[in-house]
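All remarks here apply to the structure that follows.
The values are calculated or read from the model by the stated rules, or taken from the named source; none is laboratory data. It should be emphasised that the depicted structure is a prediction, and the values quoted were computed from it without experimental measurement. Positions of Cβ are backbone-derived with ideal geometry, glycine not excepted, and every protein chain shown enters the neighbour counts. Quick note on the areas: whole protein, heavy atoms, side chains included, nothing else; ligands and nucleic acids left out. Shrake-Rupley method; radii C 1.70, N 1.55, O 1.52, S 1.80 Å.
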Amino acid sequence: MPGKLPTRLLNICISSFCKLHRLDKAEAVLIDGIRLGVLPNVVTYNTLVAAYCRFVGIDAGCSVVHRMQVAGIRPNVITYNSLLAGASRQGQASVSLDLFEEMLKLGISPNLWSYNTLMHCFFRLGKPDEAYRVFHDIILSGLHPDPTSFNTLINGLCKNGYVDNALMLYKNLKRHQCQLELVTYNILIDGMCKVGRLKTARWILQELGNSGYVPDAITYTTIMKCCFRLRKFEEALEIFSEMKSRGYTFDGFAYCTVMGAFVKIGELKRAVDVAKAMLKSGIKLDIVFYNTLMNIYCKEGKVDAAFALLNEIEEKGLECNDYSHTILIDGLCKAGNIAGAQRHLQYLCSSGCKSNLVAFNSLINGMCKSGQVDYAVKIFKAMNMKDEFTYSSMVHNLCRKGRFRTASRLLLSCIKKGMNILKSSERVVLQGFLNSGFRREARKLQSKIRVPVVSGIRVDSVISCHRHQGQTKNFKPVFDVFTSESSRSCVPANWIVVDANDIETGEKETSYTPSYWSAV
DNA sequence: CTAGGGTTAG
């Protein structure tokens, strides 16, 4: 059996270099190995596929798969899982779907990891129904959901606005004595925090403790951020110092949260102080730290200083992300340099960056504010993606120019798309009609915008009867998930979307949409 | 090979 042991050594070597992000070295080792007669196997290529997907991109991952096929090695389920995850990370659902099909066609049957990844991918794309169908497929294909499946499901429900469904699922799992992980609690706490339900979040924190867990750095950061958003600054800062004393500020997350919060309320001096403290603490500076710092400079009106940081970022070997560029573009807009902002955005688009909605929103707003409303409308029309920020900007600025009919039309099409436009945007149009004597138009608009905010997914089955077997930390489903038709008698049928009041503690809490936060 | 916290716009 020549070559068996050397191949394992080759794989360990390649894997080590991949972990160090040194793909060039990994490739060199592969070439050397082949030259010495050490043949790579499926594990070798899977390692490379995973690394390329993570550090370069899905296309790079696919080309490694091609190389492996040329070398006469057939991809397996793990190969495809890496590709699926890569596509999911890049938000390319169609690619994920194609890969899934491709995998089936090749006779490779997906495993639980494949399904979990696919489910996560759909959730990230804002398609909870599709995601839930994947969850069903897990059951239908005879696999048992694992803790990650449920974590993904709970997280996806929260991130898509179904926090009460997520709570319900949590409750069901709990009722059936499933051992939940710390991650599960953190996911739920974050879900509650993001909609402003701090009381419920604290209740889950309690449950976390009751289950014998200790809150970790992630738990703390999550709750601290929520306190900031609810303007409970003393409480937030107390959490921050507790984190420091517990040794939970080993990375930049907490510092950047605090910096960001100070920037948001215009306390730039305090934000700078926190930045200095972070520099002094010796924590590794990452791109998020630099983004936050650039944002401070921009808000101080020192756009040049922000741009100057780009050199430092590059020297450190860090890579700018969408946030970096958006912060700079917005900085230019706010400084009145619309042309510069436009140039930077154009440069981004031409260098193959995928469209950056936030940057476009910034630009549109900046143009309007500098009096170029018509030009902004032109760009608005050309945009293929728009959100409530886009509409809000246009509606407000059109109203400022007295163009209420156009504003009204945009407002309605925004609502029709199911977006949460600011109440103040609705008001400004109505008020505009009234002030300029268009009473009929105002009434007509009012009747149209008073639409109830709707429903969630009606999930026609209930996760039920999963019982923890005791011996391991994994759940072992004892029964399957029932559909409402087949087991109406034994489980409560649908997940009902409960409105803002808390279903667990019974306490009244108002649930806010995310867009509300920035308006507070 | 899958899941959780930080940075952007109205």
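A few comments on the model shown:
- Additional length obtainable on full extension of the chain from residue A:182 to residue A:8, 0.36 nm per residue less Cα span: 59.2 nm
- Relative contact order computed over region A:1-76 (Cα-Cα under 8 Å; 6+ residues apart), in percent: 28 percent
- Normalised by the number of residues in chain A, the mean separation of alpha-carbon contacts (under 8 Å, six or more apart) gives a relative contact order of 10 percent.
- Dipole orientation for chain A: of the candidates A:372, A:345, A:241, A:372 has the Cα lying most toward the positive pole (charges on Cβ; Lys, Arg +1; Asp, Glu -1).
- Full-extension gain in nm, residue A:202 to residue A:315, via 0.36 nm per residue minus C-alpha separation: 36.5 nm
- Restricting region A:201-306 to GluC sites (Glu not before Pro) that sit in a DSSP loop and have at most 16 other Cβ atoms within 10 Å of their own Cβ leaves A:267, A:300.
- Inter-label distance, nm, simple model (7 Å from Cα along the C-beta direction), residue A:20/residue A:424: 5.3 nm
- Here the relative contact order of region A:52-127, from alpha carbon pairs under 8 Å that lie six or more residues apart, stands at 30 percent.
- Net charge of the neighbourhood of residue A:159, taken over other residues with C-beta under 13 Å away and scored Lys/Arg +1, Asp/Glu -1, is +2.
- One chain, two ends: residue A:238 and residue A:268. Fully extended at 0.36 nm per residue, the span grows by 8.8 nm beyond their Cα-Cα distance.
- Virtual spin-label span in nm between residue A:27 and residue A:382, 7 Å along Cα→Cβ: 3.6 nm
- In loop segments of region A:11-89 as defined by DSSP, the trypsin sites (Lys or Arg not before Pro) with at most 16 further C-beta atoms inside 10 Å of their C-beta are A:22.
- Cut-off 13 Å between beta-carbons: net charge of the residues surrounding residue A:280, Lys and Arg +1, Asp and Glu -1: +1
- If R0 equals 56 Å, the separation of the Cβ atoms of residue A:36 and residue A:370 corresponds to a calculated FRET efficiency of about 0.30.
- Net charge in the neighbourhood of residue A:392 (other residues with Cβ under 11 Å of its Cβ; Lys, Arg +1, Asp, Glu -1) is -1.
- Where A:148, A:390 fall by accessible area, highest first, once all protein chains stay in place (1.4 Å): A:148, A:390
- Efficiency of FRET from Cβ geometry, residue A:280 and residue A:109, R₀ 60 Å, rounded to 0.05: 0.65
- Taking every DSSP helix (H) stretch of at least 4 residues in chain A, weighting each as -39,500 (n - 2.57) and dividing the sum by the residue count yields a mean residue ellipticity at 222 nm of -21000 deg cm²/dmol.
- In a simple Cβ point-charge model (Lys, Arg +1; Asp, Glu -1; nothing else charged), region A:287-358 has a dipole of about 240 debye relative to its Cα centre.
- Region A:51-113 and region A:326-388 have their alpha-carbon centroids 35 Å apart.
- Portion, in percent, of the accessible area of region A:41-143 that falls on carbon or sulfur, probe 1.4 Å: 55 percent
- Applied to region A:411-422, the Karplus parametrisation 6.51 cos²θ - 1.76 cosθ + 1.60 on θ = phi - 60° returns per-residue 3J(HN,Hα) values of 4, 5, 5, 5, 5, 4, 7, x, 8, 8, 7, 4 Hz, with x for Gly and Pro.
- The label point for residue A:102 and the one for residue A:216, both projected 7 Å from the Cα toward the Cβ, are 3.3 nm apart.
- In this structure, residue A:436 and residue A:355 have a Cβ-Cβ separation that, at R0 = 35 Å, corresponds to a calculated FRET efficiency of about 0.45.
- 1.4 Å probe accessible area per residue over region A:1-158, in Å²: 50 Å²
- Normalised convex hull volume, region A:1-155, alpha-carbon set, Å³ per residue: 125 Å³
- Rounded to the nearest whole Hz, the Karplus-based 3J(HN,Hα) values (6.51 cos²θ - 1.76 cosθ + 1.60, θ = phi - 60°) of region A:174-183 follow the sequence 4, 4, 9, 6, 6, 7, 8, 9, 4, 4, with x at glycine and proline.
- For region A:164-264: rounded, prolate or oblate by the Cα gyration tensor [a/c cutoff 1.5]: prolate
- Pairwise Cα inverse-distance average, inverted: Kirkwood Rh of chain A (Å): 26.3 Å
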